[in-house]
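Below: one structure, written as structure tokens.
The values are calculated or read from the model by the stated rules, or taken from the named source; none is laboratory data. All values reported here derive from a predicted model rather than from experimental measurement. Cβ placement follows ideal geometry from the backbone for every residue including glycine, while neighbour counts extend to all protein chains displayed.
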Amino acid sequence: MSIGILGKKLGMSQFFDDEGRSIPVTVIEAGPCRITQLKTDTTDGYSAVQLGFGDIRDKLVNKPAKGHLAKSGDELLRHLKEYRVDSVDGLELGAAITVASFEEGQKVDVSGDTIGRGFAGYQKRHGFSRGPMTHGSKNHREPGSTGAGTTPGRVYPGKRMAGRYGGKQITTRGLTILKVDAERNLLVVKGSVPGKPGALLNILPAKRVGAKAAN
């Protein structure tokens, strides 16, 4: 049963198919993750599996977290993620989830935080066209009108304006796994995924297997 797995983006590379065409790919170090908690309908009202991933120094973990992690093993983990499942039958506390639960050709959805670019203006954030640069124009990179002055006399929510750009979670759906390296805990997926190298990723079996792939 493929639940899902946490991983770390290593970077992008390329594959060559049988016809010599270059295929852009992303290399992900996925797992191994440890099952740190099992939830059932009896104890929690729903069924779920909590996975832990990534090393962390002892002094950065508080006592409640240490007590929670001690139930499934001695190793301290940096990231915890819960996955809803139909049943936890056959799963054991402390068991390892690896890339072996995935297979080549499988479709997956990859979630992560996009690269944060800080405070950005209208052109960079939304692709607005700039104003004239000559003939005395003072409207080079200004936004223009933001709405009516009297009625309604306010800026509507959702108006495209300057502000924080990037740094939010998105999901790239329908990516194809081209290679599974169980010995080195690597997944190679076709196309790009959110974030920069080293970013935390959440890899799930694709919800819409029959849908058109994102790449």
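Looking at Q123, is it in contact (Cβ under 8 Å) with a residue 12 or more places away in the chain, outside the structural domain of K9 (by TED's automatic domain parsing) and either under 30 Å from G11 (Cβ atoms) or within 22 Å of the chain's Cα centre (by Cα) (or both)? Show your work before the answer.
Working: in contact (Cβ under 8 Å) with a residue 12 or more places away in the chain: yes; outside the structural domain of K9 (by TED's automatic domain parsing): yes; either under 30 Å from G11 (Cβ atoms) or within 22 Å of the chain's Cα centre (by Cα) (or both): yes.
It is true that Q123 is in contact (Cβ under 8 Å) with a residue 12 or more places away in the chain, outside the structural domain of K9 (by TED's automatic domain parsing) and either under 30 Å from G11 (Cβ atoms) or within 22 Å of the chain's Cα centre (by Cα) (or both).
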Name the one entry in I23, I56 that is surrounded by fewer than 18 Cβ atoms within 10 Å (Cβ to Cβ), among the aliphatic types (A, V, I, L, M) and under 13 Å from V189 (Cα atoms). I23
Those residues of segment 80-104 which are more than 24 Å from the chain's Cα centre (by Cα) and polar (S, T, N, Q), in sequence order: S87
Of the residues in segment 168-198, those that are small (G, A, S) and surrounded by 12 or more Cβ atoms within 10 Å (Cβ to Cβ) come to G174, A182, G191, S192, G195
Quick count over segment 86-140, residues being of a type in the set (A, V, I, L, M, F, W, C), assigned to a loop (DSSP other than H, G, I, E, B) and surrounded by 13 or more Cβ atoms within 10 Å (Cβ to Cβ), is 6
Segment 1-39, residues that are modelled with pLDDT under 90 and among the β-branched types (V, I, T): I3
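When you go through G11, G7 one by one, which is the residue that is touching a residue at least 40 places away in the same chain (Cβ under 8 Å), exposed (fewer than 13 other Cβ atoms within 10 Å of the Cβ) and either in contact with a Gly (Cβ under 9 Å, 6 or more places away or on another chain) or not in a loop (DSSP other than H, G, I, E, B) (or both)?
Numbers: G7 fails: exposed (fewer than 13 other Cβ atoms within 10 Å of the Cβ).
Just a single option satisfies the conditions, and that option is G11.
Part of a loop (DSSP other than H, G, I, E, B), outside the structural domain of K190 (by TED's automatic domain parsing) and either basic (K, R) or within 21 Å of the chain's Cα centre (by Cα) (or both), is that true of L77? If you could, list the steps in order and put the result at the bottom.
Working: part of a loop (DSSP other than H, G, I, E, B): yes; outside the structural domain of K190 (by TED's automatic domain parsing): yes; either basic (K, R) or within 21 Å of the chain's Cα centre (by Cα) (or both): yes.
Against the criterion (part of a loop (DSSP other than H, G, I, E, B), outside the structural domain of K190 (by TED's automatic domain parsing) and either basic (K, R) or within 21 Å of the chain's Cα centre (by Cα) (or both)), L77 qualifies.
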Does K207 qualify as being modelled with pLDDT under 90 and touching a Gly at 6+ places or on another chain (Cβ under 9 Å)? no
With respect to I56, is the statement that it is over 16 Å from I5 (Cα atoms) and not in a helix (DSSP H, G or I) true? yes
Here the residues within segment 59-69 that are of a type in the set (A, V, I, L, M) and outside any helix (DSSP H, G or I) are V61
